[in-house]
């Protein structure tokens, strides 16, 4: 005999309890994601502070100007061909096997050829 919504062998209580487990699992996942976001925000704030400190050392001890900083920022931003505040590699063709290599991968997943050796590549 068909139960709720035509599912054989399921009663309303079983469906409700399964939904409760799913909701609890989703709540735990959301809480874990929230914690990860807090850690990322703290790391970003620290990285920004370090960048500001390094810039101020260059400015104060070597006499570099804000104009010099802006020109270099523009140069670095345009390395990927787009003025967008990012400098990340686009998908490219592997020179060894010809497959397309995603910017998420530092090497070709087909032949293993290293494409991006930059320490500044975002995962």
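Here, each number is a calculation from the coordinates, and none is a lab measurement. Being a predicted model, the structure only gives us computed values, none of them experimental. Positions of Cβ are backbone-derived with ideal geometry, glycine not excepted, and every protein chain shown enters the neighbour counts.
Relative to a virtual label point 7 Å from the Cα of residue 118 in the Cα→beta-carbon direction, which members of the range 28-66 show backbone nitrogen distances below 19 Å?
48, 51
Give me the Å³ per residue figure for the convex hull around the C-alpha atoms of the range 19-123. Before the final figure, lay out the partial values.
Details: hull volume 17.3 nm³, N = 105.
Dividing the Cα hull volume of the range 19-123 by its residues yields 165 Å³.
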